Each structure stands twice: as structure tokens, then as C-alpha cells.
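One structure below.
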Amino acid sequence: MQLNRNSVELLAPAGTEEALKAAISAGADAVYLGGKHFNMRVHKNDFNFDDIALKKAIDFAHDKNVKLYVTINNLISDEELPALRDYLLYLNEIKPDALLVQDFAIIKLIRDLKINIPIHASIMMNIHNQYAVELLNRYGITRVVVSRELSLDQVHLLKFQTGIETEYFIHGDMCISESGQCIHSGVIFGQSGNRGRCLKPCRWRYALIDESNNQVIDDFSYKMALKDMCMYRNIPELINAGIYSFKIEGRMRPPEFIHRIVSTYREAIDRYLADPTGYTLDEAAYRSLFDNRARDFTTVFALNRTTVDDIGTTGEREPRFFSKPVIEPVFDDKTAADIFAGESPINETINKNERPNLSVRVATVEAAKSAIEAGADTVYCGGEAFRPQSVWSLKDYQDIIDFAHSKSAKVIINTPRTTYQRGCSELKYLLSKLSIFENKPDGILVSNLGSLVLTKKFNLPVRTDLSFNLFNHEATQFLKDNGVEMAAASLELSYSQLKSMIVNANLPIEVVVHGAYESMICDHDFINMYNKFDRWSEADALNRHYSFKDEAGQMHRIRIDQFGRSHIYFAKDLCLYNYLKYFVGASSLRIEAQLYSPEQVAFITRAYRHAIDELADGKALPAFPFTDDQANLGIGVYRFRQSMDS
């Protein structure tokens, strides 16, 4: 690789005019910042730039020969789309050097409105494989902020495979969850981390509990409070991984804090580029960074998999706690009841009286058969298998397809939410085999852009899962344009926002109405971190079930998949049974039953089948059937009139 001053871009954050000037004076090559809306940092009114200030900031940066990128990197709801269109047109007039985006709707609108500004894919898009980049290239995206979970070796491989310009976080606050895959704040507080309003439930105290006996394995500590990224000691490794843009986090930081970090990295990068073989670490400069740190430091996944040393378990250096644990709202929450009472059902709004499909996601062949026998139209099978369950074999798939088709039911093959190199290889093999089955599956459920691209290569019908964070009807058109036949709605949408999207959607929409569902997906091995056992001699410990207990006394189940990822669940399972009449206008209603036994699957499926049929025939909703499980059932996001704006 040819090294020179243009080999690396040092990218700094700015939340105020003073911070912008501090970053530029410290030597930033580029600065990223956001407007007053549509970005991932909207907690403080005195931060971010109004329209006039944005133009002034762009002019100032360009006068200093510095690039300026504007963040529009959050999810957009339908009611925000008109203002978003106006904002994009204004940005096209004042010409920032790039737009940083997450929502597919923005990519579509940029094309529709003929916006002539380069597009960068935000880290919130969770881009982690070459096939996702392949799709984004078709839309003119010139740079990808790669997933935090990728090591430098994986980033180097992605760059080699695609040639895409890569951006990588090198310093600052890091999420414990995979980017875009945490909905905890959005569901519990109505303030979505995907919309710039995260209240950081990951930075609560938790105890680790053995579910089999309620034994405390590890007492309360800040078990998911990840330390801050610091790659200052690894600048040669960053540069030689082919990363172009070195991104510093911190749009809420004061100017002096930003100036110190930017100037420290600027000096080190320049010294390395000037004389790579003679480069040595400036220990005094690192000591200054360390002494003025907010949290302690880590390199997260850049060099190795994380351990307990990467977590600030004591919480003593946590600069701010945004929230405290609260009891999740119950299924018959009065606030939710009042909200629904003031709304109309979806089918009345769109004048659609078709009977919705009932789908069930299951974990085993036995559970799939139970769902079908109980009246499910569709079963989702495969994907992640949670210990100690076995992964699905090709024979399992063929057996359940044969069984389902004999009962006039459909089988959709689920795929892993995250597909790094190993995941892509295994998925390609699976798709190649499924495509030549004599009795083929009825479709594939995909959870990331790369899996979507791979599935279309094998000409199999495709649906998109919850992880696509579908939030508005413009995004449904983007998915339809890319061959998607049905899409799951985000679990962070309020009822009115969900209804608006369904009414205006260009694609059949599926809504989850019942089941255990994940609050976040993490690539961290929490069980091994906090359960002190020898994974070689006590391997069976990995097959036991554990939960995180929060200080409100709620249990959040942890399930480990075949890739070693931790799936953290909400304390209460979703139950929309009482309000089912409002949702029958959706094309498909889904039960999330991966954590349920075949007997539970049969009981729940039968209850919803009966209720849907009665409502579709104009009859009253049957009596609430889940009387034994009331304490464990919740209403999710539906106690909020809307997911708070961005």
C-alpha cells in the first residue's frame, strides 16, 4: 500500500460551532455533524446545527480545506417524511461533502429527488459482509462505516473483496449491541436508540442468574457497560488494514475534549505516514489521553474477542446514567388500552377484510409440526439455534417442508441475523441445496442486506426480518425494488406509526403479535465472562440457561447461538391478544415461539388461530386464553402514542 498524507482521513465529531472549530484547528481532515433533526444525537437542544448554522459550518470547513459530512443516520417514521424531503433538498443546495444514512427510505429519496451528494452507509446499517456492499454499490454509496464487531483482519478482507472505502471507529463510546440491533430503549421508554434517543439500558447493573435454580452466579455489576474505544496504540495496524477514515466518536463532547483527542491522533498518524519504519509510540501523548479519559479504554473487537477486561463493571467511570430499570408494562396496561380506544383498526382504514396469514417462528421440527397442526399458515424454521438445541439439518428442512405441504401450510427457512465470512459460506451452501430440493421451501427469511443479495442469487422468494428496522413506507418500496415479497415491521413503531406504514406500504407487512423477543444482540460471551467455569472440562455449563436480572427484579433471558452470540430478551413476552382486532389488516401476524416447547407452541397458535378466524368472520374476540401466564406478558412499545421523533 502506498502511504502518503492522503492515505488516511482523520474524521472528527462536532456538536457545536465551537467544537467544529476545535476539531479543524486540531488537524481534522473531515468533520461530521447533524442538523436539529434526523440524526443520532438529539438528546440536548443546545447541540447540533439549525439550517442556517449548517450552511455556515459547511462554508467554514471548506474555507479551511476540510470536508464536512452531515448525519441523517436514524430511522424515519411516516409523519417525518415530508420534512425529510425538504431537508434533503436544502442539503442539496448547501452541498456538504457526504450524507451519512441508515434508513433505506433516505437512500431511495436521494435517488428520487436527484440529490447530488455522495452517500456513506452508517454503522447503524450493520454492514459486515461483501454482499451487502454489493447491493449498496448499486445505489452509489461510496463509503461504509463497518460494523464495530469486525476485527481489523475482517475489515481488511472486506476492503479486498469489494474495494469499498471503509470508515472505522477508533476512539470513544461504543455500543455493547450490534449496531441497529438494540431496541431496548425504544420499546421500554418510547425513545429509540435507532432514532438518536437511547437511554442506555445496557449501562444498568445486572446480576447473572442460573435459570434452573435461580442461583446468583455473579452479583450485581455493570455487566454490559463497555469501555471506550481507544486505538491510539494501534495506528500502524489500522492503516495497514486498509481503513481510510479514522472516526472519533463524541458529538456531545466539549471543544477542548475534542481538540485534545484530534490533535493527539493527528500527530501520531502524520509521524507514521512520514516514516513507517521509524515510527514509535509516544507514551506521553497516550498518557495524556488516558489521564483525561471519560471511561477506561479497550480495543473492543479490533484485535481480539472481548473479555471481562473490556467491561467497566464497577461503573465508577461512567460519566452519566440516562435511565434506571423500570418494570416493563403489562399486557393489559391502561395507557395502551386508552391509546387503542382512540384508534381505528388497520383493516377499516384500508378497507381490507382479508383473513391475515398466521405465522409462527419455531426452534425445532416438533414445534413446527405442533404449530401447523394448531392452525399456522406458515412456519419459520432454522437460523440461530440456541444451546442446547441442535442446528437444523438439510434432512430436518426436507422433513418439515414435506409435512407442511401435506397440510397446505408454508415453510420459510430462517437465516442467521449476522453473517460474517463463515456465515456467508454456510448460507451459500444451504441456499444451493434448498434451491434444488424437489419439494422447495416457500421462501427465505433474511436478516441483513448481504443475506438478501445471496438469496436472490439462487432465485428463492425472500422476506425480510425484524432486524431490517422497517419504519416507513418509502423503505418498503426500497425492499420491493430489491425483490422482497414480505417484510416484518419494526417492533419500535407505535400503533399509529405502524398503521400509517401499512396503509401506505407497497409491500405486504408482517407484524409480531405474541412471543419472546430480543432487546439486543451482542457478540460478547457474557456467560464465560461472569460464570467462572473451565469451558474445556465443564463444557456442559454452556448448555445451561442464564438470565440477567436487573435492579427492578426482572429477568432478561440470555440465549447463546451456534456462533457464540448472546441474544438478550425482554423480561416480558409480547401479547397483543386483547387488541388483535386492530392488527388484522396486516398481511401476516406472527408468533415468536423460539423459546417455547411444542406444547406451548400448540396452545398459543391455536388461541390466535381461533381469535383471527372469529374476528375475520365478524364475531367478538374470544375470552383471553393466557390466564396462567399473565405476569410474564407485556404490551411492548404500544403504550406509547409514538416513537419519539428524531
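In region 327-343, what count of residues is obtained for those that are surrounded by 14 or more Cβ atoms within 10 Å (Cβ to Cβ) and either assigned to a loop (DSSP other than H, G, I, E, B) or touching a strand residue (DSSP E or B) at 6+ places or on another chain (Cβ under 7 Å) (or both)? Within region 327-343, residues that are surrounded by 14 or more Cβ atoms within 10 Å (Cβ to Cβ) and either assigned to a loop (DSSP other than H, G, I, E, B) or touching a strand residue (DSSP E or B) at 6+ places or on another chain (Cβ under 7 Å) (or both) number 7. Among the residues in region 426-442, are any free of Cβ contacts under 8 Å to residues at least 40 places away in the same chain, crowded, with 20+ Cβ neighbours inside 10 Å, small (Gly, Ala, Ser) and outside the structural domain of residue 106 (by TED's automatic domain parsing)? No: zero hits. Exactly one residue among 314, 364 is in contact (Cβ under 8 Å) with a residue 12 or more places away in the chain and surrounded by fewer than 15 Cβ atoms within 10 Å (Cβ to Cβ), and that residue is 314. When 599, 551 are checked against the criterion of being over 26 Å from residue 354 (Cβ atoms) and in contact with a Pro (Cβ under 6 Å, 6 or more places away or on another chain), 551 stands alone in meeting it.
Could you figure out which of (1) over 26 Å from residue 603 (Cβ atoms); (2) surrounded by 19 or more Cβ atoms within 10 Å (Cβ to Cβ) isn't true of residue 572? If we test residue 572 against (1) over 26 Å from residue 603 (Cβ atoms); (2) surrounded by 19 or more Cβ atoms within 10 Å (Cβ to Cβ), just (1) comes out false.
All conditions in (1) part of a helix (DSSP H, G or I); (2) within 28 Å of the chain's Cα centre (by Cα) hold for residue 608, with the sole exception of (2). The residues of region 610-644 that are modelled with pLDDT of 95 or more and in contact with a Gly (Cβ under 6 Å, 6 or more places away or on another chain) amount to a single one, 640.
Just to be sure before I move on: is residue 496 over 24 Å from residue 554 (Cα atoms), within 20 Å of the chain's Cα centre (by Cα), at pLDDT 95 or above and of a type in the set (Gly, Ala, Ser) in the structure I sent? It is false that residue 496 is over 24 Å from residue 554 (Cα atoms), within 20 Å of the chain's Cα centre (by Cα), at pLDDT 95 or above and of a type in the set (Gly, Ala, Ser).
Restricting the first member to region 85-101 and to residues that are closer than 15 Å to residue 37 by Cβ and in the same structural domain as residue 50 (by TED's automatic domain parsing), and the second to residues that are in a loop (DSSP other than H, G, I, E, B) and of a type in the set (A, V, I, L, M, F, W, C), the beta-carbon pairs closer than 6 Å and six or more apart or on different chains are 88/113; 88/115; 99/117.
Put simply, of 169, 104 the only residue that is surrounded by 18 or more Cβ atoms within 10 Å (Cβ to Cβ), more than 27 Å from residue 203 (Cβ to Cβ), touching a residue at least 24 places away in the same chain (Cβ under 8 Å) and not aliphatic (A, V, I, L, M) is 104. The listed residues are 600, 594, and the only one of them that is modelled with pLDDT of 95 or more and part of a helix (DSSP H, G or I) turns out to be 600. Just wondering, is there one or more residues in region 460-477 that are farther than 29 Å from residue 337 by Cα and without any contact (Cβ under 8 Å) to a residue 12 or more places away in the chain? No; the residues of region 460-477 include none that is farther than 29 Å from residue 337 by Cα and without any contact (Cβ under 8 Å) to a residue 12 or more places away in the chain.
Candidates 247, 227: the one that is within 30 Å of residue 548 (Cα to Cα) and either modelled with pLDDT of 95 or more or out of contact with any Asp or Glu (no Cβ under 7 Å at 6 or more places or on another chain) (or both) is 227.
When you scan region 454-554 for helices (runs of 4 or more DSSP H) that lie fully inside it, which ones turn up with 1 or more residues that are assigned by TED's automatic domain parsing to the domain that holds residue 415 and of a type outside the set (Val, Ile, Thr)? Please lay out each step first, then the result.
Values: elements: 473-481, 495-504, 526-530.
Counting at least 1 such residues, we get 473-481, 495-504.
Count of region 199-255 residues, restricted to those that are assigned by TED's automatic domain parsing to the domain that holds residue 122 and in a helix (DSSP H, G or I), is 10. The criterion of at least 1 residues that are modelled with pLDDT under 95 and within 20 Å of residue 588 (Cα to Cα) is met by the following helices (runs of 4 or more DSSP H) wholly inside region 344-449: 346-350.
Yes/no matrix, rows are residues, columns are (1) touching a residue at least 60 places away in the same chain (Cβ under 8 Å); (2) under 30 Å from residue 560 (Cα atoms); (3) of a type in the set (D, E, K, R):
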| residue | (1), (2), (3) |
| --- | --- |
| 486 | yes, yes, no |
| 497 | yes, no, no |
| 500 | yes, no, no |
| 506 | no, no, no |
| 519 | yes, yes, no |
| 523 | yes, yes, yes |
| 526 | yes, yes, no |
| 529 | yes, yes, no |
| 537 | no, yes, no |
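Residues in region 560-591 that are assigned to a loop (DSSP other than H, G, I, E, B) and touching a Phe, Trp or Tyr at 6+ places or on another chain (Cβ under 7 Å): 3 in all.
Does region 315-337 hold any residues that are farther than 30 Å from residue 636 by Cα and either touching a Phe, Trp or Tyr at 6+ places or on another chain (Cβ under 7 Å) or among the acidic types (Asp, Glu) (or both), and which are they?
Filtering region 315-337 for residues farther than 30 Å from residue 636 by Cα gives 316-317.
316, the sole residue that qualifies.
Could you please let me know if residue 305 is under 29 Å from residue 564 (Cα atoms), out of contact with any helix residue (DSSP H, G or I) (no Cβ under 9 Å at 6 or more places or on another chain) and in a loop (DSSP other than H, G, I, E, B)? Answer is yes for this residue.
Among the listed residues 465, 377, 396, which satisfies the condition of being out of contact with any Cys (no Cβ under 9 Å at 6 or more places or on another chain), more than 29 Å from residue 161 (Cβ to Cβ) and of a type outside the set (Ser, Thr, Tyr)?
From the options 465, 377, 396, the qualifying one is 377.
Restricting the first member to region 400-420 and to residues that are among the acidic types (Asp, Glu), and the second to residues that are surrounded by fewer than 22 Cβ atoms within 10 Å (Cβ to Cβ), the beta-carbon pairs closer than 8 Å and six or more apart or on different chains are 402/439. In region 1-75, counting only strands (runs of 3 or more DSSP E) that sit wholly within it, the ones holding 2 or more residues that are closer than 23 Å to residue 244 by Cβ, among the β-branched types (Val, Ile, Thr) and at pLDDT 95 or above span 67-72. Being β-branched (Val, Ile, Thr), assigned to a loop (DSSP other than H, G, I, E, B) and either in contact with a strand residue (DSSP E or B) (Cβ under 6 Å, 6 or more places away or on another chain) or on the phi > 0 side of the Ramachandran plot (or both) is true of residue 300.
For region 346-359, check the following and say yes or no: at least one residue is over 19 Å from residue 502 (Cα atoms) and surrounded by fewer than 16 Cβ atoms within 10 Å (Cβ to Cβ). No: region 346-359 contains no residue that is over 19 Å from residue 502 (Cα atoms) and surrounded by fewer than 16 Cβ atoms within 10 Å (Cβ to Cβ).
The values are calculated or read from the model by the stated rules, or taken from the named source; none is laboratory data. All values reported here derive from a predicted model rather than from experimental measurement. As a convention, Cβ positions derive from the backbone with ideal geometry for all residues, glycine included, and neighbour counts pool all protein chains shown.
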